[in-house]
Structures are given as structure tokens and as C-alpha cells.
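Enquirer: Below is the structure I would like to discuss, written out as C-alpha cells.
The values are calculated or read from the model by the stated rules, or taken from the named source; none is laboratory data. Only a predicted model underlies this, so the values are computations on that prediction, with no experimental measurement involved. Heads up, the Cβs are rebuilt from the backbone with ideal geometry, glycines too, and the neighbour counts pull from every protein chain shown.
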């Protein structure tokens, strides 16, 4: 399937201000000889004016309907929401964050319309997830900031300053998972002066973190016993666990909340994949938190959307080489490449990703 028109719609998920490509990214793919259709205002939230996209060679259109109607390939940031379901054309190609393990209705739509759906978050290269990493870095750093803010009494928290002050003990940041998000969460917490603990399963990763982290970060092997032992002292718990394509495992049940101090904060970075706390459900930047049994929950499903300028620049740098390859080679040829095969989630009415299959039982 050749690609002659690439579409860039404005993101319409609540409080989503990122855009899939910067103007320079658009210029790069326009140079390949394809027509690039961009919805007016798509880049405003990230600080990119329509005029910059016009200068980059884009064809600007007024409506999101026009973008979908004209395009062979749709490039997005977040998964299509319900308002976009009718806009997707049969046999269209979609490249975006999808998180289908937690979204059966969208999965069914992609199957019904025989959409070729590539997911940024499952694209694998040498054991890494290069298109997930930049947003994991943003979300990881942001998670500690948000946890610290919501410890504030005015936010329903315990009133403890995460890093403490001279003469007052440091407080405890517990990070579940030592991947990109977890490592960045821990680094920010360490910089704030907190006592930080990372729980991680992978022995090789444990050794790396132990060598890399500053003195106020402790790295421990993750087990139920260790988690239970640490919960009573944790002021902020950040969940960053990930199994590519699959639903996140539930590491903290509702019953386990009783071991936490009242006013502690749970930040669920894994919420896009269903969340790693039993009591998690998606929230928005406008209404980011809720309370369960005296514990503050922060479960915003598009955390990097709060910092769209940084996030859009980082995302474009990561995705652009793959977008260019997809345009140059076409769908059929890239499917022979292991990297793109790992990104493929739906094709010709079938779920192709094993993690999504397992999560949805299809």
C-alpha cells in the first residue's frame, strides 16, 4: 500500500496540547514528495503557528474531517477517541500511541474498518521501546513533581514536603519499576532531597541503577514482601511498571491502601495500560486527582500533554525516522522489518500484537 497523502489532525483528547509533528518534521516528510495535510490550529498548543506549517510545505485544512478524508496515513499523538471513530476510513493506516490493551472499543473499530494500526508504544529496537522512551522521560520527571505538589494539604495530601528541610527528616518516595519513567522519577526525587526507593525485577537493570543513582536512592529487588514492608513509610508511590502491549499488573490492591499513611499520594504513570493500582481510573489535567480511603490518586492518562512544547519536540525527534521509512517503503515492505512488525497492532481485521491479544482475550 503506497502512501501519497499524510494527515496531521489536531488532538482532541481532553487537555491534550501536543501535536504529532513539528513544522520541521512536516518539512522533512514533505520533501519525500508526499502531500501533507495539517488541520488549522493543530500546533498552537505546542507553540507552533499555522504559518510555520505552511512554510514547511503543509496544506492547511479547516476541519478534522478533511484531514481524515484526504489521508492515506494518519499521524497522531494519542489514540483516536470516540468522536474520531466515524472519521477513520476503511484500510487507512494509523501511526500513534494506541494503548489497546485497555481499550476494547477502539480495538474493535480498528478491526471492523481493517485499519493498519502501528503503535508507538510497542515498537521495539534492540530490546528498547524508542518511541515510548521520550514520553516516559517526561512522565517520569513529571510524576515526582505532581506527587510532591499533591502532598500539599490544600490538595488533600498529608502536608509533608517531599524533600524535607534542614532539621526535619526527608520524606519517602517509592518508585515501582526502574525503567525510563521510574529512573527519571527517582532522579527528580533525589534532586528534591527525598529518600527514594526503586523496586525493580530485572537483575541487570538493578545493577545498572545501583551504579548510576545518587546516594539517597536505594535500589531493591521487587517482591510482595518488600512492597508491603515499604508502604507504611511511603509518602508518594509512583507506579511505572510496563509490559509492552499488555495491561499493567495490579501491584497495589485496595486492601493494601490501609498500609499507607493518610494523605499519601499514588501517581499511576501506567494508567494508559490500565493502571498498576486496583483503585486507579483515568483522570485529566483539569481534574487530576481523587481520593480513595484517604489516599490521593493522580492518574492523568496523558501526562506529557501538560508540557507540550518539550514533549512535541522530543516525540518528533523519535518518530520522524520511522515515519519517513514508512512513507518511503510503504506498508507491505515495512511489515517485513522486525521493528515495524513489533509496532503493528492491527492489520486486515486481525489483532497482531500478542500482548494486546492476551489483554483483550481475542
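Enquirer: Of the numbered conditions (1) part of a helix (DSSP H, G or I); (2) in contact with a strand residue (DSSP E or B) (Cβ under 6 Å, 6 or more places away or on another chain), residue 108 fails exactly one; give the number of that condition.
Expert: Going through (1) part of a helix (DSSP H, G or I); (2) in contact with a strand residue (DSSP E or B) (Cβ under 6 Å, 6 or more places away or on another chain) one by one, residue 108 breaks only (2).
Enquirer: Here are some conditions: (1) within 18 Å of residue 17 (Cα to Cα); (2) under 22 Å from the mean Cα position of the chain (by Cα); (3) in contact (Cβ under 8 Å) with a residue 24 or more places away in the chain. Residue 118 meets all but one. Which one does it not meet?
Expert: Among (1) within 18 Å of residue 17 (Cα to Cα); (2) under 22 Å from the mean Cα position of the chain (by Cα); (3) in contact (Cβ under 8 Å) with a residue 24 or more places away in the chain, the lone unmet condition for residue 118 is (1).
Enquirer: A further question on this structure: Within region 17-34, how many residues turn out to be crowded, with 17+ Cβ neighbours inside 10 Å and either farther than 16 Å from residue 319 by Cβ or at pLDDT below 95 (or both)?
Expert: Initial filter on region 17-34 (crowded, with 17+ Cβ neighbours inside 10 Å): 17-23, 25-30, 34.
Restricting the remaining residues to those that are either farther than 16 Å from residue 319 by Cβ or at pLDDT below 95 (or both) gives 17.
Counting residues in region 17-34 that are crowded, with 17+ Cβ neighbours inside 10 Å and either farther than 16 Å from residue 319 by Cβ or at pLDDT below 95 (or both) gives 1.
Enquirer: Suppose the filter is modelled with pLDDT of 95 or more, in a strand (DSSP E or B), crowded, with 21+ Cβ neighbours inside 10 Å and assigned by TED's automatic domain parsing to the domain that holds residue 238; does residue 162 pass it?
Expert: Here the answer is no, as residue 162 does not meet what is asked.
Enquirer: Looking at residue 210 and the list (1) closer than 21 Å to residue 145 by Cβ; (2) surrounded by 14 or more Cβ atoms within 10 Å (Cβ to Cβ), which single condition is not satisfied?
Expert: (1)
Enquirer: Scanning for something surrounded by 23 or more Cβ atoms within 10 Å (Cβ to Cβ), under 24 Å from the mean Cα position of the chain (by Cα) and outside the structural domain of residue 344 (by TED's automatic domain parsing), does region 188-195 turn up at least one residue?
Expert: Within region 188-195, one or more residues are surrounded by 23 or more Cβ atoms within 10 Å (Cβ to Cβ), under 24 Å from the mean Cα position of the chain (by Cα) and outside the structural domain of residue 344 (by TED's automatic domain parsing).
Enquirer: Does region 299-311 include one or more residues that are over 24 Å from residue 12 (Cα atoms) and touching a strand residue (DSSP E or B) at 6+ places or on another chain (Cβ under 7 Å)?
Expert: So far as region 299-311 goes, no, none of its residues is over 24 Å from residue 12 (Cα atoms) and touching a strand residue (DSSP E or B) at 6+ places or on another chain (Cβ under 7 Å).
Enquirer: Tell me, yes or no, whether region 298-310 has at least one residue that is in a helix (DSSP H, G or I) and exposed (fewer than 15 other Cβ atoms within 10 Å of the Cβ). Can you show your working first?
Expert: Taking region 298-310 first, the residues in a helix (DSSP H, G or I) are 303-306, 308-310.
Right, trim to exposed (fewer than 15 other Cβ atoms within 10 Å of the Cβ) and you get 309.
Yes, the conditions are met somewhere in region 298-310.
Enquirer: Right, something else. If a residue must be in contact (Cβ under 8 Å) with a residue 12 or more places away in the chain and assigned to a loop (DSSP other than H, G, I, E, B), how many such residues does region 137-159 contain?
Expert: Adding up the residues that qualify gives 5.
Enquirer: Shifting gears a bit: Between 350, 324, which is closer than 25 Å to residue 31 by Cα, surrounded by fewer than 20 Cβ atoms within 10 Å (Cβ to Cβ) and touching a residue at least 24 places away in the same chain (Cβ under 8 Å)?
Expert: Of the residues listed, the single one that is closer than 25 Å to residue 31 by Cα, surrounded by fewer than 20 Cβ atoms within 10 Å (Cβ to Cβ) and touching a residue at least 24 places away in the same chain (Cβ under 8 Å) is 324.
Enquirer: Would you tally the residues in region 278-296 being in contact with a helix residue (DSSP H, G or I) (Cβ under 9 Å, 6 or more places away or on another chain), outside any loop (DSSP other than H, G, I, E, B) and free of Cβ contacts under 8 Å to residues at least 40 places away in the same chain?
Expert: Matching residues across region 278-296 total 3.
Enquirer: Taking region 196-242, which residues are closer than 24 Å to residue 157 by Cβ and in a helix (DSSP H, G or I)?
Expert: 227, 228, 229, 230, 231, 232, 233
Enquirer: Does region 39-55 contain any residue that is over 27 Å from the mean Cα position of the chain (by Cα), touching a residue at least 12 places away in the same chain (Cβ under 8 Å), in a strand (DSSP E or B) and surrounded by fewer than 24 Cβ atoms within 10 Å (Cβ to Cβ)?
Expert: Of all residues in region 39-55, those over 27 Å from the mean Cα position of the chain (by Cα) come to 51, 54-55.
If we keep only those that are touching a residue at least 12 places away in the same chain (Cβ under 8 Å) as well, we get 55.
After this cut, where a residue has to be in a strand (DSSP E or B) as well, the list is none.
No, that holds for no residue.
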